[in-house]
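Okay, structure first, notes after.
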Amino acid sequence: MTTATLPRPFLAQGWLRALVGTHVSRLVGIVMFGTIVAMCVLVPILSPYSPNDFVNMPFMAPSWAHPFGTDSVGRDIFVRTFAGGSVDLIAAAFTTGFAVIVGTTLGTLAGATKHRWADTILMRIVDAVIAFPLIILLLALVVAVGSDKPWGFAPAGLPAALIALMCVQWAVYARLARGQALALRNADFVVASRVAGLNPFSIVMRHITPGVSRITLAYAIGDVVLVVVILASLPFLGAGVQPPAPEWGSIMYEGRGFLRNAWWITVMPGAVLALTGLSLSFIADSLLDNRR
């Protein structure tokens, strides 16, 4: 897979880039995402109450005292939304980081090696991993790992989801890295390095890996959105982060039965999730545009 056929990141369709240019699109994405991250860090720290405190009457509409309103038991949705955002973003960053490192390393070696048997074996493993249904794997791991006990700082239900995502996500980056490594292996500067007597390991590390990693890292920024959305959708399948721990998906799941008279329970964290995805998509879209 070359940069010409690289898949577009998750949400952005290039309309902002076409309207104001690549650099402004990236700046807008960085400002939006930086603001959300800052809120996820500062709101739980500066708030006078914790995400699970009963602060007022249930089903209070958004107000100055409670900007996102309160939920069915009187907890502040504003605090819970940004406390849950830190869980989703840290989990997505950890999962994607693992996938990028493992997938880029294996894919680069497969694309750069002269041993076709190694490349064939790895790609068949990658095909098998990608073909296996992610939802079935997630639900199976929930049963095997358990969703009722927290692991260290990870709330109950999150470890099983992270293990399942890490088992699958690396394969996408391995295929992406292999395609880029194959394209770079016969580039003029790589051939010149080979003729100059540079050993294969140095060629891979100095010339092929930087070109591959720029592509996989740019794609990873957009892929964080996909991981966040998957984590947020798991409570609707009976998996994911378990209540009362705050998390975007679990908050929206708890408010699903009150959309008619307490829409803010679901809409407010959903809006923050959408803005997070949009901001990351702007950044990834602009980075990939620079590589075309």
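Can you confirm whether Leu165 is surrounded by fewer than 24 Cβ atoms within 10 Å (Cβ to Cβ) and among the aliphatic types (A, V, I, L, M)?
Answer is no for this residue.
As an exercise: evaluate Gln242 against (1) crowded, with 21+ Cβ neighbours inside 10 Å; (2) under 30 Å from Val79 (Cβ atoms); (3) in contact (Cβ under 8 Å) with a residue 40 or more places away in the chain and give the number of the one condition it does not meet.
Checking Gln242 against (1) crowded, with 21+ Cβ neighbours inside 10 Å; (2) under 30 Å from Val79 (Cβ atoms); (3) in contact (Cβ under 8 Å) with a residue 40 or more places away in the chain, the one that fails is (1).
Does region 113-135 contain any residue that is buried (at least 19 other Cβ atoms within 10 Å of the Cβ), within 17 Å of Ala174 (Cα to Cα) and at pLDDT below 85?
So far as region 113-135 goes, yes, one or more of its residues are buried (at least 19 other Cβ atoms within 10 Å of the Cβ), within 17 Å of Ala174 (Cα to Cα) and at pLDDT below 85.
Sort through Asp53, Asp76, Asp88 and tell me the only one that's touching a helix residue (DSSP H, G or I) at 6+ places or on another chain (Cβ under 7 Å) and of a type in the set (D, E, K, R).
Going through Asp53, Asp76, Asp88 in turn, the sole match is Asp88.
Which residue out of Ala218, Ala181, Ala196 is surrounded by fewer than 19 Cβ atoms within 10 Å (Cβ to Cβ) and of a type in the set (Gly, Ala, Ser)?
Answer to the selection: Ala196.
Kindly indicate which of Asp88, Asp76 is buried (at least 17 other Cβ atoms within 10 Å of the Cβ) and under 26 Å from Ile230 (Cβ atoms).
Asp88
Within region 55-93, track down each residue that is at pLDDT 90 or above, closer than 15 Å to Pro246 by Cβ and either of a type in the set (Phe, Trp, Tyr) or in contact with a His (Cβ under 8 Å, 6 or more places away or on another chain) (or both).
Phe68, Asp76, Ile77, Phe78, Phe82
What helices (runs of 4 or more DSSP H) completely inside region 194-292 contain at least 2 residues that are within 21 Å of Ala99 (Cα to Cα)?
209-233, 264-290
When you go through Val191, Val172, Val168 one by one, which is the residue that is in a helix (DSSP H, G or I) and modelled with pLDDT under 80?
Val191
Give the residues of region 61-88 that are of a type outside the set (S, T, N, Q) and free of Cβ contacts under 8 Å to residues at least 12 places away in the same chain, sorted by residue number.
Passing the criteria: Trp64, Ala65, Pro67.
What is the residue count in region 42-60 for residues that are surrounded by 14 or more Cβ atoms within 10 Å (Cβ to Cβ) and either over 15 Å from Ala262 (Cβ atoms) or touching a residue at least 60 places away in the same chain (Cβ under 8 Å) (or both)?
Residues meeting the conditions: 9.
The values are calculated or read from the model by the stated rules, or taken from the named source; none is laboratory data. What you are looking at is a predicted structure, and each value in this text was computed from that prediction instead of being measured. Virtual Cβ from ideal backbone geometry, glycine too; neighbours counted across all protein chains shown.
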